[in-house]
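For reference, the structure is listed below as structure tokens.
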Amino acid sequence: MSMAKQSNSAENAPLVGIIMGSSSDWETLQHAANTLDQLGVPHETRVVSAHRTPDLLFDYASSAEKRGIEVIIAGAGGAAHLPGMTASKTVLPVLGVPVESKALKGLDSLLSIAQMPGGVPVGAMAIGKAGAINAALLAAAMLGAKHPQVREAYRKFRSAQTERVLANPDPRATARTLGIATTSAPGKKGTRS
Ligand code: RP5
């Protein structure tokens, strides 16, 4: 059975393909999937490794457009070739999410994804969770040009976010509400004389 999360009806056919180099990348890429869920954007998720399953990568990237996928989000860490190689086999927009690596904290992933040769673009996102969330939001912004319901869901998401920030101007009050301990006042525990 396919590892992709497949939808049943044409209406729910996936518009976004979220692929990642390893199941260990899911901790990061789940944030892209959760964000698309919040926006009601149908998507599929699949492990596709540029190095361990190169034939699958070629099949996935070259068939995605025919299957109705409109944007691909590709996350990988370290020698992160997945987004670039995917982009080399499709004209769909590919958004690359650098997964934070243990050795170099994701800087290797970021540079691997960002430094594409002219002619084969990949949209390089921020390292880690923020990049995964923003890849989903950017995918929604792209889809919005053709799918008005996605445009409106994205607009609502952004407005709600703005309202939340404006409604919570005092960080100390927010920390108290969330039960987050704040540091004690200067001088109380300090060693300075
Ligand atoms: C990359 O190697 C994957 O994208 C992952 O971030 C990294 C480590 O993979 P595992 O060894 O955890 O499978 O290809």
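FYI, it's all coordinate maths here, none of it is from the lab. These figures come from a predicted structure and were not determined experimentally. Every residue, glycine as well, gets a Cβ built from its backbone with ideal geometry; the counts of neighbours run over all protein chains shown.
Summary of computed values
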{"item": "ASP108, ASP25, ASP59 arranged by Cβ crowding within 10 Å, fewest neighbours leading", "result": "ASP59, ASP108, ASP25"}
{"item": "Gained length - GLU65 relative to ARG155, 0.36 nm times residue gap less alpha-carbon distance", "result": "29.8 nm"}
{"item": "Contact order relative to length of the chain, as percent, for alpha carbon pairs under 8 angstrom and 6 or more apart", "result": "18"}
{"item": "Straight-distance crosslink candidates among aspartates and glutamates, where the alpha carbon sits under 15 Å from LYS89 and sequence neighbours closer than 8 are dropped", "result": "ASP55, ASP59, GLU65, GLU70"}
{"item": "Semi-axis lengths (Å, descending) of the ellipsoid that matches the C-alpha gyration tensor of the stretch 5-105", "result": "21, 16, 10"}
{"item": "Across LYS66/LYS129; LYS66/LYS146; LYS102/LYS129; LYS129/LYS156, pairs whose alpha-carbon gap is larger than 26 Å", "result": "LYS66/LYS129"}
{"item": "Extension gain from ALA141 to GLU163, taking 0.36 nm per residue of separation minus the Cα-Cα distance", "result": "5.9 nm"}
{"item": "If the convex hull is drawn through the Cα atoms of the chain, its volume per residue in Å³", "result": "179"}
